[in-house]
Amino acid sequence: MSSSPIVFGASYFDVTTIPLGNITSVVSESVLFVPSWFNLETAPRDVVCFVGFAENLEPDVQSFYGGGGTQCQATNGCGVHVHEGTDCLSTETQGGHWYNQDTLAEDPWAVVGYKATNENGYGQFAGCVSTGFDLASDPTQLQGRAFIIHAEDGSRVSCGIIEDAVADYVPTIISADTTPIPGATSPQPDGVTGFVTVMNDFIESTIDAVCYQGYASGLEPNVESFLLGGGSDTCDVTNGCGSHIHSGTGCNDTDAQGGHYYDADTVAVDPWLLESYYSTNGTGTGAFVGCAITGEGASDYNGRPFIMHGTDGSRLSCGILSASETVVVDPGGDSAANSPFSGMTMIPWMLTSAVVSGVLGFIFDMV
């Protein structure tokens, strides 16, 4: 771990889309956020996460990409994407998918979207995308971009412009201090420890959409997950490098921890299968972030265990999620403008646990 305390938070945005043209009635609402970490050099800096819903889509869709079906295989089928344009007037002003083509060889938005719709054409979506842009330094790069909902056949059916979230917006946030699981064979002598925040209730109608952000130390050093696409096969096993909410209520053993927390009656494919940390530094510290739709019968995250897995899929660290306070750092004022935390939502416990009185005082002085 870095000699300085690891601090993290998020900057929030929202978007409402309206139908494109006269042949569609699709509307949607979404919240987006840019996660950031400080004093962890291997943490991702280019990620945007989103949670939302759309109405009046094609009914009873089951996507090939995580929905348990065969649909949505057309280019942009069932897509939910940030586009590079800044206007919804035409395909030209909407632009293509927003990512840095100088640093990314493949389009990270290619198969991102909603995985299913119900009989009324209602679909939810949640995910995180690495864009290749340094969003951590300037999250406002996201602001003003076009947000597009695609139909099952890939056509563009709804569009809106991303805006800064309303002042003091914050979802429900719970957190856990993760500690070594009794009897776990850890990669390092002191075991795996860390801290995670779990966010939900982004939008009133998406109570089963959940996101998480955190870090862990004591993991295997110098991990590069196969999900990075660099040719490594590390983590390419069941639960390899996983970061998951489990269905149990305790941490002592697998019976108390339970399996992955989701409603198999309403979610066709386990949404936690690929949720994981992607890399660690030379001392075994890594950041993680992700989002999932867990289903109508699995939306009570408070009191659930959050589990960190090793590269071989074994369970290494666990903490029970509970309520957290939040601090929104006021982006106004001269002192706030010079802060790396300006406009971000922070967790007081996350700061005080590291006994960082200087940082704590700086942040609270600005609120």
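The values are calculated or read from the model by the stated rules, or taken from the named source; none is laboratory data. Only a predicted model underlies this, so the values are computations on that prediction, with no experimental measurement involved. No Cβ is skipped: glycine too gets one built from the backbone with ideal geometry, and neighbour counts run over all protein chains shown. Note: areas computed on protein heavy atoms with side chains; ligands, DNA, RNA excluded. Shrake-Rupley method; radii C 1.70, N 1.55, O 1.52, S 1.80 Å.
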How far, in nm, would the chain grow between residue 184 and residue 141 when pulled straight, counting 0.36 nm per residue and subtracting the alpha carbon separation?
-> 11.2 nm
How big is the gap, in Å, between the Cα center of region 28-42 and the Cα center of region 212-270?
-> 19 Å
Can you give the translational diffusion coefficient of region 19-173 in µm²/s, computed by Stokes-Einstein from the Kirkwood radius over Cα pairs at 37 °C and 0.692 mPa s?
-> 204 µm²/s
Looking only at Cα atoms, what is the convex hull volume of region 104-178 per residue, in Å³?
-> 199 Å³
At a Förster distance of 41 Å, what's the computed FRET efficiency of residue 232 paired with residue 22, Cβ-Cβ distance as r, to 0.05?
-> 0.25
Label residue 222 and residue 100 with points 7 Å out from Cα along Cα→Cβ: what is the distance between them in nm?
-> 2.5 nm
Extension gain, residue 107 back to residue 167 (0.36 nm per residue minus Cα-Cα distance, nm) = 18.3 nm
Calculate how steeply helix 357-366 sits against the longest principal axis of the alpha-carbon atoms of the chain, using the helix alpha-carbon long axis, and give the answer as 0 to 90 degrees to the nearest 10.
-> 30 degrees
Applying the Karplus parametrisation 6.51 cos²θ - 1.76 cosθ + 1.60 with θ = phi - 60° to the phi angles of region 16-31, what ³J(HN,Hα) value in whole Hz is obtained for each residue in order, glycine and proline being reported as x?
-> 10, 10, 10, x, 9, x, 9, 9, 9, 10, 6, 10, 7, 9, 8, 10
Hey, any idea what the orientation-averaged projected area of the convex hull of the chain's Cα atoms comes to, in nm²?
-> 17.7 nm²
Given a Förster distance of 41 angstrom, what is the FRET efficiency for residue 90 paired with residue 274, based on the Cβ-Cβ distance and rounded to 0.05?
-> 0.70
What percent do you get for the relative contact order of region 52-157 when only Cα pairs under 8 Å and 6+ apart count?
-> 40 percent
Both in Å, the radius of gyration and Dmax of the C-alpha trace of region 223-263 are 13.3, 37
Accessible surface of residue 296 - all protein chains present, 1.4 Å probe, nearest 10 Å² = 150 Å²
Taking region 164-271, the equivalent ellipsoid from its C-alpha gyration tensor has semi-axes in Å, biggest first, of 26, 18, 17
Roll a 1.4 angstrom probe over the protein heavy atoms and tell me the percent of accessible area of region 229-308 that is carbon or sulfur.
-> 43 percent
How long are the three semi-axes of the equivalent ellipsoid of region 1-100, in whole Å, if each is the root of 5 times an eigenvalue of the C-alpha gyration tensor, listed from largest down?
-> 32, 18, 13
By the gyration tensor of its Cα atoms, with a ≥ b ≥ c the square roots of the eigenvalues, what is the shape of region 269-329: rounded for a/c under 1.5, prolate for a/b over b/c, or oblate?
-> oblate
